[in-house]
Amino acid sequence: MEPRRADIIAAELEERICDGTFADGERLDEVRLAEQFGVSRTPLREALQKLALSGLVEQLPRRGVFVRQPGPVELMEMFEVMAEMEAVCGRLAAGRISDAALAELDAANAMCRRAVTTQDADAYYLENERFHHIIYRESGNAFLAQETGALHRRLKPFRRMQLRLRGRLPQSMGEHEEIVAALRAGDGERAAADLRAHVAVQGEKFRFLMAQLKSAAE
């Protein structure tokens with residue numbers, strides 16, 4: 001029960017940070033938050049550790065936990081690296097993916113499609129996350145999968161946030177289908193290009209993220 005509760009708390013705190021309820025640099029009061037959520041400090045601290053992994057908070061010894069929003073340059077740099085790492089995963093997975101894993105991707109896409117129909121960005125993100133982690137695993141390179149997963153966790157709130165951009169859900173869904181088609185065809189270069197374009201944050205997506213972060217900071 002505790003890990004599940006921690007996930008719920010982490011998602012709620014993530015939302016409050018991203019919508020500006022908690023400002024950049026603000027100290028998070030563990031005692032007050034534990035009371036608000038009606039939990040002991042154990043699941044709360046686990047939730048804060050999850051946020052620290054994504055870079056949304058910074059834990060300073062003997063001082064506490066503070067909100068930390070990345071600047072535009074840092075965010076762009078992280079997404080550039082993320083796009084290239086996912087491209088490598090896709091290139092390797094195209095030659096190594098199993099039929100069972102392709103079926104898993106199809107199942108994840110079916111759930112994503114349902115979320116597009118209901119315009120549920122959060123439900124879409126959960127299946128989208130599963131979709132990407134299958135590809136990391138199927139790269140057949142455990143070190144790459146681990147490092148890509150770590151950066152994925154750090155960018156999680158921002159990847160989820162950009163899905164709220166108007167029209168992004170069906171666009172992302174179409175990109176998923178192209179990625180699976182490339183993997184099924186064993187076309188490594190095409191899979192890499194599709195994943196790179198899918199993950200890259202540029203143009204309207206980047207402007208949307210910057211506007212959201214600016215709004216949260218005001």
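The values are calculated or read from the model by the stated rules, or taken from the named source; none is laboratory data. Everything numeric in this text was worked out from a predicted model, so none of it was measured. Quick reminder, even Gly has a Cβ in these numbers, built from the backbone with ideal geometry, and neighbours come from all protein chains shown. We work out accessible area using only protein heavy atoms, side chains counted, and drop any ligands, DNA or RNA first. Shrake-Rupley method; radii C 1.70, N 1.55, O 1.52, S 1.80 Å.
For region 57-84, taking the residues that are of a type in the set (D, E, K, R) and under 19 Å from residue 22 (Cα atoms), the one that is most open to solvent (accessible area, probe 1.4 Å) is identified as 63. Only residues that are farther than 19 Å from residue 16 by Cα and open to solvent by less than 70 Å² (accessible area, probe 1.4 Å) were counted in region 38-56, giving 1.
Any chance region 132-144 includes a residue that's in contact with a Phe, Trp or Tyr (Cβ under 9 Å, 6 or more places away or on another chain) and assigned to a helix (DSSP H, G or I)? The answer is yes; a qualifying residue exists.
Looking across 207, 196, 153, 160, one residue alone is in contact (Cβ under 8 Å) with a residue 12 or more places away in the chain and either surrounded by fewer than 18 Cβ atoms within 10 Å (Cβ to Cβ) or outside any helix (DSSP H, G or I) (or both). It is 153. Considered as a group, the residues in region 14-30 that are at pLDDT below 90 and hydrophobic (A, V, I, L, M, F, W, C) include one that is most open to solvent (accessible area, probe 1.4 Å), and that residue is 23.
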